[in-house]
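What follows is one structure encoded as structure tokens, with my remarks underneath.
The values are calculated or read from the model by the stated rules, or taken from the named source; none is laboratory data. Keep in mind that what you see is a predicted model, and the values were worked out from it rather than measured. Glycine also receives a Cβ, built like all others from the backbone with ideal geometry; neighbour counts cover every protein chain displayed.
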Amino acid sequence: MDRLIFNTSMPRSGSEVIQVILHQNPRIYGSVTSPLLEYQFAARGNYELPEVKSQDPVLMQKAFISMCKGMAHSYYTEITTRPVIVDKNRGWMHYYEWVDQWNPNPKMICMVRDLRSIVASMEKAFRKNQHTPCGPDNPGTIQNMTVPARAHHWLTTQPIGLALQRTFDVFRRGVDKNMLFVKYEDLCMHPQQTMNRIYDYIGEPTFAHDFDNIRKQVLENDSYFGIYGKHTVAPKLQLIPFDFKEILGLDTCANLRANYTWYFDTFGY
């Protein structure tokens, strides 16, 4: 591995399809949802152990940061020989400054999408799977029994609520200027132009992609992620119809715009 790039996108915003497209380039490995951050996060959880605190704190910090770097390199050495890795995990953006310590000036790509479409996508998954106890509705406690209630639930829990807070926070911390935000709608409508913009950001030569023959080569078992964590991709890149008004209703859409003005204004929706 020569370079490590981070995909830290919003849920339901094309984070998987951008990985599959990037993987068409023989220089780039586009990971599936990666545990690398979780491995490092688990190690960080032991930072307060007596075995750590009893030693020189400066030395321990240097050793820990070096371990994080080594962990990333060792992890991907066993996975691929491609020189450029794009590791996908929504949490990377929240830990930008930590990543910067072991991977200086990290390149982070964040796919975004109209928030109404993101919530509508969750609602559609809910409706398609009512034959399973998928939640978040609970008749026993009369929770999340309506479209507005389910929308509020998704906006205030994982994965959407957490991703929203993390995205808001990177702008408050000022690290957004080091990240590349890519609108899912732009990728679908102007695919090669959008990919060229990504290549310019990560410092790689442009590559002619085939957007009519998208095939997932790095596989994962979606059964572990539940109905709201599907990572399948369509064989052809095309914009999904804007049906959020029909799915969510005009009132819920209006509430979304009113309550998340910062998101709509920041990304131009």
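Annotations
- Test: residue in the range 146-158 that is of a type in the set (A, V, I, L, M, F, W, C), in contact with a Lys or Arg (Cβ under 6 Å, 6 or more places away or on another chain), within 29 Å of residue 106 (Cβ to Cβ) and modelled with pLDDT of 95 or more: no
Quick grid of which residues meet (1) outside any helix (DSSP H, G or I); (2) of a type in the set (S, T, N, Q); (3) under 22 Å from residue 16 (Cα atoms):
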| site | (1), (2), (3) |
| --- | --- |
| 167 | no, yes, yes |
| 192 | no, yes, yes |
| 208 | yes, no, yes |
| 262 | no, no, no |
| 265 | no, no, no |
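- Taking the criterion of being hydrophobic (A, V, I, L, M, F, W, C) and either more than 15 Å from the chain's Cα centre (by Cα) or surrounded by 24 or more Cβ atoms within 10 Å (Cβ to Cβ) (or both), the residues of the range 99-108 that qualify are 99, 102.
- Residues satisfying the stated conditions in the range 33-64, i.e. under 29 Å from residue 79 (Cα atoms) and charged (D, E, K, R): 38, 44, 62
- Exactly one residue out of 162, 237, 180 is in a helix (DSSP H, G or I) and either touching a His at 6+ places or on another chain (Cβ under 9 Å) or among the hydrophobic types (A, V, I, L, M, F, W, C) (or both), and it is 162.
- Restricting 116, 150 to residues that are charged (D, E, K, R), buried (at least 21 other Cβ atoms within 10 Å of the Cβ), part of a helix (DSSP H, G or I) and within 21 Å of the chain's Cα centre (by Cα) narrows the list to 116.
- The range 143-181: number of residues that are more than 19 Å from residue 121 (Cα to Cα) and aliphatic (A, V, I, L, M): 4
- Single residue of 88, 53 found to be under 21 Å from residue 1 (Cβ atoms), touching a helix residue (DSSP H, G or I) at 6+ places or on another chain (Cβ under 9 Å) and among the charged types (D, E, K, R): 88
- Close pairs from the range 75-100: first without any contact (Cβ under 8 Å) to a residue 40 or more places away in the chain and over 29 Å from residue 174 (Cβ atoms), partner part of a helix (DSSP H, G or I) and hydrophobic (A, V, I, L, M, F, W, C), Cβ under 6 Å, at least 6 apart: 75/36
- For the condition farther than 22 Å from residue 122 by Cα, in contact with a Gly (Cβ under 8 Å, 6 or more places away or on another chain) and not charged (D, E, K, R), residue 5 does not qualify.
- Taking (1) more than 13 Å from residue 115 (Cα to Cα); (2) surrounded by 12 or more Cβ atoms within 10 Å (Cβ to Cβ); (3) over 17 Å from the mean Cα position of the chain (by Cα) in turn, residue 212 satisfies each apart from (2).
- Qualifying positions in the range 77-98 - under 20 Å from residue 20 (Cα atoms), out of contact with any Leu (no Cβ under 6 Å at 6 or more places or on another chain), buried (at least 17 other Cβ atoms within 10 Å of the Cβ) and of a type in the set (A, V, I, L, M): 84
- Which numbered condition residue 250 misses (of (1) without any contact (Cβ under 8 Å) to a residue 24 or more places away in the chain; (2) in contact with a helix residue (DSSP H, G or I) (Cβ under 9 Å, 6 or more places away or on another chain)): (2)
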